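The values are calculated or read from the model by the stated rules, or taken from the named source; none is laboratory data. Owing to the predicted nature of the structure, the values given are computational and were not obtained by experimental measurement. Using ideal geometry, Cβ is built from the backbone for each residue, glycine included, and neighbour counts are taken over all protein chains shown.
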Amino acid sequence: MARHDASIRKALPDQSDLKAAERNDEFIERLDDDGLRTGLIAIAPHGGDIERHTDEQAELLASALTASCWRCKGWHRHGAKTHWHITAAVVDVYRPRL
């Protein structure tokens, strides 16, 4: 299995500026939830350039169904999918009870 290096910064990127996140090869997370919608959530863990347009699809679905929406968006100049994508197999190894 491939090993992935990561670093954690105390300062979080300004998640309101998607263009800056894209320029800086960042991974950001968004949640639109007013606390009133408990029956449905549209999710997209591989948005941005990881799996293009999946975040937009989740946003459209949530809007159409008046649901909450959680999505992640990642960019990287050497390939967002290679850099940020995590598979179920990797999750099973590191988080077996997830």
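The table below gives the values:
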| read-out | value |
| --- | --- |
| Close pairs from segment 47-61: first touching a residue at least 12 places away in the same chain (Cβ under 8 Å) and hydrophobic (A, V, I, L, M, F, W, C), partner surrounded by 14 or more Cβ atoms within 10 Å (Cβ to Cβ) and in a loop (DSSP other than H, G, I, E, B), Cβ under 8 Å, at least 6 apart | 50/85; 61/67 |
| Entirely in the chain, the strands (runs of 3 or more DSSP E) that have 1 or more residues that are modelled with pLDDT of 90 or more and of a type in the set (Lys, Arg) | 68-74 |
